[in-house]
Structure formats: C-alpha cells, structure tokens
1. Carbon-plus-sulfur fraction of the accessible area of the chain, 1.4 Å probe, in percent?
2. Kindly write out, for the range 62-74 in residue order, the coupling ³J(HN,Hα) from the Karplus curve 6.51 cos²θ - 1.76 cosθ + 1.60 (θ = phi - 60°), rounded to whole Hz, with x marking Gly and Pro.
3. For the range 16-161, what size does the Cα cloud have along each of its three principal axes, sorted from largest down, in whole Å?
4. On a C-alpha basis, how far is the centre of the range 58-115 from the centre of the range 1-23 in Å? Whole number, if you could?
5. Leaving out ligands and nucleic acids, and using a 1.4 Å probe, what accessible area per residue does the chain come to in Å²?
6. What are the ³J(HN,Hα) couplings of the range 29-43, residue after residue, when phi is run through the Karplus curve with 6.51, -1.76, 1.60 and θ = phi - 60°? Round to Hz, x for glycine and proline.
7. Can you give the log10 of the normalised intensity I(q)/I(0) at q = 0.17, 0.21, 0.22 Å⁻¹, computed with Debye over equal Cα scatterers of the range 2-102?
8. What distance in nm separates the two pseudo spin-label positions at His41 and Thr10, each 7 Å out from Cα along the beta-carbon direction?
Amino acid sequence: MTTVLLVGATGLVGQAVLQQALADARVAWVIAPTRRALPVHPKLFNPLVNFDHLPEGADWWAVDAVICTLGTTIKVAGSQAAFYQVDHDLPLQVGELALRHGARAYALNSALGADPASRVFYSRTKGELERDLEALGFASLTFVRPGLIGGDRKVARPAEQVAVRVSQWLRPVLPPRYRVVPAERIAHHLLSSALAGTRGTHVLMSEQLL
C-alpha cells in the first residue's frame, strides 16, 4: 500500500484526486497539506501550512509518491512573478523535499503546449517546471498535459468557461486533443501513474486522458 502526498487538494483536479485516492484500496494514507482544513477522513492527514514557508523538516514529506495539481492564473496571482511562484517554484520545491525524504514517483498536472522554449509565458512556465522536475532524478515521473478542463471551479475563470462551452458545442468536429477533459479523468491518470511508479519519464497528452 502507498502513501501519497497530494499538493493542490482544494483545486478542481486536486479535489477529484483526493476523492479517488481516499477511495482506492491501494492507498494507505493521503498527505494533503493545505492552507485551510479539509473534511476529516480516516486515511487523510491534513497538515495546515503556509506555502510561502514550507516546513522542510516535517516528517510527513516521507511518502512513496507525489501528485501535484497546484495551479493558478495570472489574474488571480496578481502578476507573472506571483504566477511563476505558484506554478513553477512551489511544485519544484515540493518535489525536492519529497525526493529528499525518499519519494520515488511524481505525477504532475501540467498543460497542453508545455514547452520551456515557448514564447507564451504560461506554456513556458509549465515547460520549465517539467524540465526542472526531470533534472531532480525521480525514478518515475509523469506529466499529464490536459487542454481544457471540465468541471465546476470554486474560483471562476470566465475565459476558460467560455472556451469549455464552445469546445463542448464543437466536440463532434474537434480533434480529440482539443476536446474538454473532465477533471475526474485527469485525476484518474495522475493517481494511476503515481501508484504504478513506472520507471522513466512519461507524458500523457490531452487526447490520451479522455
């Protein structure tokens, strides 16, 4: 049985991962650090943390696998620098700390178009995170790259909501890569990859998640 560290448990995809992990007989414990308390569950350990100052010496970093669903928007973050902190620096720091304490697998909810050479800031940030995580040396590393994500977010993203609606209307003629991927499907692949721990670096494109 596996102990899983889930960061980003309060987001759309993170909530789906949390529900699936808690219901999965292969998972012994879910460690889900958050700013605010989550509902109590017998398999859940929920340390309350300040993500600006992660407790590097905490014993709960000693897990088998990491699933990262952290993510924001520039509008919510307030600046490109703040966005980069959430979408690059924090996931990388989590990886460094978990690896230092013995984690073997890391599964990241990345994004379609992730590329460290991209001219688009968002895509470049995601690509730089993938590149820097790979440099850490996890035995198993999986990048899940969804396009549009379907589901009800707590924090509204108007532009994304419009894009999702348009994509759903056009679904019969859209190539699979550009179709809306339900959050539950992304969560399924993140959890499955983390638990399988297959050696090497793996990339799951949006059409593979449907």
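The values are calculated or read from the model by the stated rules, or taken from the named source; none is laboratory data. Note that the structure is a prediction, hence the values are computed from the model and not measured. Virtual Cβ from ideal backbone geometry, glycine too; neighbours counted across all protein chains shown. Please note that ligands, DNA and RNA were not included when accessible areas were found on the heavy atoms of the full protein model with its side chains. Shrake-Rupley method; radii C 1.70, N 1.55, O 1.52, S 1.80 Å.
1. Numbers: 5600 of 10230 Å².
C and S fraction of accessible area: 55 percent.
2. Values, residue by residue: 7, 10, 8, 8, 10, 10, 10, 10, 5, x, 8, 10, 4 Hz.
3. Extents along the principal axes: 43, 34, 29 Å.
4. Result: 14 Å between the Cα centres.
5. 49 Å²
6. Residue by residue, the range 29-43 yields 9, 10, 9, 10, x, 9, 7, 10, 5, 8, x, 5, 8, x, 9 Hz.
7. The computed values of log10 I(q)/I(0) come out as -0.75, -1.12, -1.21.
8. 1.7 nm
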